[in-house]
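Below: the structure, in structure tokens.
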Amino acid sequence: MKLLRDFDLTATTTFHVPALTRWYGEFENIEQLCALLEDPRLQGLPRMCMGGGSNLLFVKPYEGIVIRPASRDITLLGSDNETVSVKADAGVVWDDFVKFCVDNDLFGAENLSYIPGEVGASAVQNVGAYGVEAKDIISAVHVYDTTDRRQKVLDVTDCGYGYRDSMFKKFPSRYIVLDVTYRLSCKESYNLEYGPLKELKEDADLSLRKVRERIINIRKSKLPDPEYMGSAGSFFKNPVITLKHFNALKERYADIPSYPAGQGMIKVPAGWLIERSGLKGVAVGGAQVYTRQCLVIVNTGNATADDVVALYRHVQDTVSDKFDILLSPEVNIIGL
Ligand SMILES: Cc1cc2nc3c(=O)[nH]c(=O)nc-3n(C[C@H](O)[C@H](O)[C@H](O)COP(=O)(O)OP(=O)(O)OC[C@H]3O[C@@H](n4cnc5c(N)ncnc54)[C@H](O)[C@@H]3O)c2cc1C
């Protein structure tokens, strides 16, 4: 177990903007977690969990305890004719889990290759890419409920999953994800419906490794590598609007892209809205709308959280004025 006072989180988050927490604790098992939660120095303080810090922005010093799971085991649980169950601890690097599945010929996780972060957060965020979301392969989430002070195993249907959303996000300090159980297919099946993956359908020697490799290459060409340029990935969620609103926009912008979002609702790519608002490359201090993908705000070197927030608000206002759509952040902004 680790418990540190006045901990600098700057290098622990992928935005790399200056960030501090009064306390930072790591635990490897449930006994250590309970010891942390019961530490007399931490009583009455706000509490939150973090993983790889790839979807977090701290706008002021956090006057509480940031808790991080440090257990990193992946266990094959069992199988039937068609599926295999795999349990991964919350602290497992997400892409190590995806690689484990690919290396073991397990189908279902490959489209989620190379997403930064850890397993615990992936179940909170319901991470998604290339037509697949974490909820599609999760079967159960093992949590510590800090309100009821006991461990619970939640079936995927109890987790309230939606687009980058879950029940856990509604109770941010209540549930600490300990491990996640996934159900993967051992029968060959791919999801290649997303644009750049479609051409793989023609590949006679298609394999999980090829799909993973293709996705990693696309992601490397489109998204900033946090090692060299700070970001938290997509800063904004893709907004969902009514069909009536969409049709009105379509009359003015014939090329507006869209995806059906169920029951007369339409999803519009936020990146397109931002680019068409003339915001590509626009900067406030060291924060900039990424020129290769407008959905991302990057730290060009010396951004502060205030720079990022000022730019985020400028983007929100400009897009709202032009399209009458209020973009909401995908990034978890702490302290705003
Ligand atoms: C370059 C880049 C590309 C990205 N691409 C994608 C993408 O394609 N798709 C996508 O969905 N996301 C993407 N992201 C966002 C990010 O990778 C995901 O949201 C990821 O799941 C965050 O994981 P993390 O471990 O870093 O979580 P953190 O950022 O540390 O935390 C995220 C949230 O989860 C909570 N949390 C973390 N661990 C736990 C736990 N054990 N128990 C309870 N709550 C917890 C935190 O309190 C916080 O609210 C990208 C980010 C970057 C930087």
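The values are calculated or read from the model by the stated rules, or taken from the named source; none is laboratory data. Everything numeric in this text was worked out from a predicted model, so none of it was measured. Heads up, the Cβs are rebuilt from the backbone with ideal geometry, glycines too, and the neighbour counts pull from every protein chain shown. Ligands, DNA and RNA are excluded from the accessible area calculation, which covers all protein heavy atoms including side chains. Shrake-Rupley method; radii C 1.70, N 1.55, O 1.52, S 1.80 Å.
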If you scan the range 132-170, which residues turn out to be surrounded by 14 or more Cβ atoms within 10 Å (Cβ to Cβ), under 24 Å from residue 84 (Cα atoms) and β-branched (Val, Ile, Thr)? 132, 137, 138, 141, 143, 156
Return the residues of the range 193-220 that are touching a residue at least 40 places away in the same chain (Cβ under 8 Å), charged (D, E, K, R) and in a loop (DSSP other than H, G, I, E, B); say none if nothing qualifies. 193
Matching residues, the range 228-275, being among the aliphatic types (A, V, I, L, M) and not in a helix (DSSP H, G or I): 229, 232, 240, 241, 254, 256, 261, 265, 266, 268
What pairs can you find where one residue is in the range 289-301 and open to solvent by 10 Å² or more (accessible area, probe 1.4 Å), the other is of a type in the set (D, E, K, R) and assigned to a loop (DSSP other than H, G, I, E, B), and their Cβ atoms are less than 6 Å apart, with a gap of 6+ or different chains? 291/280
Suppose we filter the range 98-129 for residues that are aromatic (Phe, Trp, Tyr) and over 15 Å from the mean Cα position of the chain (by Cα); how many remain? 2
So residue 13 passes all but one of these: (1) open to solvent by 20 Å² or more (accessible area, probe 1.4 Å); (2) within 26 Å of the chain's Cα centre (by Cα). Which condition number does it fail? (1)
Could you tell me which residue of the range 81-91 is nearest to the ligand (Cβ to nearest atom), considering only residues that are part of a strand (DSSP E or B) and surrounded by fewer than 22 Cβ atoms within 10 Å (Cβ to Cβ)? 87
The range 41-66, residues that are in a loop (DSSP other than H, G, I, E, B) and either within 16 Å of the chain's Cα centre (by Cα) or polar (S, T, N, Q) (or both): 43, 50, 51, 52, 53, 54, 55
Just to be sure, is residue 72 at negative phi, more than 10 Å from the ligand (Cβ to nearest atom) and either surrounded by fewer than 22 Cβ atoms within 10 Å (Cβ to Cβ) or under 18 Å from the mean Cα position of the chain (by Cα) (or both)? yes
Within the range 221-239, how many residues turn out to be within 11 Å of the ligand (Cβ to nearest atom), touching a residue at least 40 places away in the same chain (Cβ under 8 Å) and out of contact with any Asp or Glu (no Cβ under 6 Å at 6 or more places or on another chain)? 10
Filter the range 37-49 down to the residues that are open to solvent by less than 30 Å² (accessible area, probe 1.4 Å) and over 20 Å from residue 12 (Cα atoms), then identify the one that is nearest to the ligand (Cβ to nearest atom). 42
May I ask you to list the residues in the range 315-332 that are within 17 Å of residue 280 (Cβ to Cβ) and of a type in the set (Ser, Thr, Tyr)? 318
Could you please find all residues in the range 248-274 being open to solvent by 80 Å² or more (accessible area, probe 1.4 Å) and either touching a residue at least 40 places away in the same chain (Cβ under 8 Å) or within 16 Å of residue 324 (Cβ to Cβ) (or both)? 250, 251, 252
Options 173, 122: the member that is under 17 Å from residue 233 (Cα atoms) and either surrounded by fewer than 16 Cβ atoms within 10 Å (Cβ to Cβ) or within 8 Å of the ligand (Cβ to nearest atom) (or both): 122
Among the numbered conditions (1) on the phi < 0 side of the Ramachandran plot; (2) part of a strand (DSSP E or B), tell me where residue 78 comes up short. (1)
Options 287, 303, 283: the member that is out of contact with any helix residue (DSSP H, G or I) (no Cβ under 8 Å at 6 or more places or on another chain), on the phi < 0 side of the Ramachandran plot and of a type in the set (Gly, Ala, Ser): 303
Kindly list, by first and then second residue, each pair from a residue in the range 1-30 that is under 16 Å from residue 59 (Cβ atoms) to a residue that is among the basic types (Lys, Arg) and not in a loop (DSSP other than H, G, I, E, B), limited to pairs with Cβ atoms under 8 Å and residues at least 6 apart or on different chains. 22/5
So, in the range 241-261, how many residues would count as being at pLDDT 95 or above and within 16 Å of the ligand (Cβ to nearest atom)? 0
Log entry, pairs with first residue in the range 93-121 being modelled with pLDDT of 95 or more and assigned to a loop (DSSP other than H, G, I, E, B), second being of a type in the set (Lys, Arg) and within 12 Å of the ligand (Cβ to nearest atom), beta carbons closer than 8 Å, six or more apart or on different chains, reads 113/219; 114/219; 114/220
